[in-house]
Structures are given as C-alpha cells and as structure tokens.
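Colleague: Okay, handing you the structure first.
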Amino acid sequence: MDGVDGIIGRCLCPEPYPEANLEFLRENGIRLFQFGIENRKVLLLIVVLMVMLAVNSMLVFHAVAMRLQLEEWICHSSDF
C-alpha cells in the first residue's frame, strides 16, 4: 500500500498486543508504539485531557472560521 508509511498506532494498555493485529500492522508498514499504563486513574486523566484538547481545538477552529466569515461579509457589504 502506498502512503501508509506515516501511520503510527498507539496503544495505552499494558497487555501484549494481539499477534494477528501486529501481523496486520507489519504487513501494512504501520508502526505501533505501546505505552502500558497500569493505573486506570492515570489513563482516565490522559483521555480527559485529550478530549479537552480536541474540544478546545474545535472551538478555536470554529472561532477563526466565524471571524473569516464576518470579515468576508464586511468586505462585501462595503462594496455597496
């Protein structure tokens, strides 16, 4: 498969990754990085922080998009 070299898999579970899945990753040139985290509270904190970061990124993107639409509307309104 072309263009799959840049794909990276991440796994936070401490258990060994299933061999069938590892074989699929190898066949498709996907690199797996496994970070075994035992403490469920730490894992929950990481997930919560990742969700917060994603939501924040979406809000910033939405604010920028709205600002660009407003600027475009102002530019077109001043033509009259």
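Bear in mind these aren't lab numbers, they're just calculated from the coordinates by the rules spelled out. In this text the structure is predicted, and so the values were computed from the model without any measurement. Cβ coordinates were reconstructed from backbone atoms using ideal geometry, including for glycine residues, and neighbour counts include every protein chain displayed.
Colleague: Can you tell me the Rg and the Dmax, both Å, for the Cα atoms in the stretch 39-80?
Modeller: Radius of gyration, then largest Cα-Cα span, for the stretch 39-80: 18.3, 63 Å.
Colleague: Would you mind ranking CYS13, CYS75 by Cβ crowding within 10 Å, fewest neighbours first?
Modeller: CYS75, CYS13
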